[in-house]
1. Could you point to the residue in Thr69, Ala55, Asn29 farthest towards the positive end of the range 20-101's charge dipole, with +1 and -1 charges on the Cβ of Lys/Arg and Asp/Glu respectively?
2. If you build the Cα gyration tensor of the range 47-101 and take the root of 5 times each eigenvalue, what three semi-axes come out, in whole angstrom, biggest first?
3. So, with a 1.4 angstrom probe, what is the percent of accessible area on the range 51-101 that is carbon and sulfur?
4. Once amide H atoms are built 1.01 Å from N in the peptide plane, which residues 5 or more positions from Arg33, or in another chain, come under 5 Å H to H?
5. How big is the charge dipole of the range 11-101 about its Cα centre, in debye rounded to the nearest 20, if each Lys and Arg gets +1 on its Cβ and each Asp and Glu gets -1 on its Cβ?
6. Any idea of the accessible area per residue across the chain, 1.4 Å probe, to the nearest Å²?
7. Give me the one-decimal nm value for the distance between modelled label points at Ala76 and His16, 7 Å along each residue's Cα-to-Cβ direction.
8. Starting from the 7 Å offset along Cα-to-Cβ, what nm value, one decimal, do you get for the label separation of Gln61 and Thr90?
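The values are calculated or read from the model by the stated rules, or taken from the named source; none is laboratory data. Note that the coordinates shown come from a computational prediction; the quantities given were computed from them, not determined experimentally. In this analysis, Cβ positions are derived from the backbone assuming ideal geometry, glycine residues included, and neighbour counts consider all displayed protein chains. The area values use the complete protein model at the heavy-atom level, side chains included, leaving out ligands, DNA and RNA. Shrake-Rupley method; radii C 1.70, N 1.55, O 1.52, S 1.80 Å.
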Amino acid sequence: MKKALVTGATGFVGNHLCRRLLAEKVSLNIFTRRRTLAIDDFSAQGAKVVHGGFADEIILQEALVNVDTVFHVAGAVSAVQKKDYYTSNTASTAAILKFAQ
C-alpha cells in the first residue's frame, strides 16, 4: 500500500486505524467533516487532511488523488430519521465508489 484514504477518522475505528497506518509509515489522506485534536495530531504526523462532506464532489476527488487503498469507516450508528442513515452510510459509500479508481 503506497497511499491510503481514511474516512471516519474522528470515530473509534477510524482513529485507531489512522494511528496504525501512520505508525507503519503509510502515506495517508484523511477525509473529514470536522476538526478535532486527533485530526490535528494526524496532520502533524504528515497526514493530508481534507475537510468536506461526501456531497462535495470536488473536495472528495481531491482526497482521492493518487490513493491506492480506501478505508471507508465513516458512518452513522444513530440517527433521528431513517433518511439520515441512508445519507451517512449508503450515499457516502456511493460517492466514494463513483470517484475511486
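1. It is Ala55.
2. 22, 11, 11
3. Roughly 56 percent of what the probe reaches on the range 51-101 is carbon or sulfur.
4. The answer is Gly52.
5. Details: 10 positive and 8 negative charges, 43 e Å.
Computed charge dipole of the range 11-101: roughly 200 debye.
6. With all protein chains present, the chain gives 63 Å² per residue.
7. 2.5 nm
8. Distance between label points: 2.6 nm.
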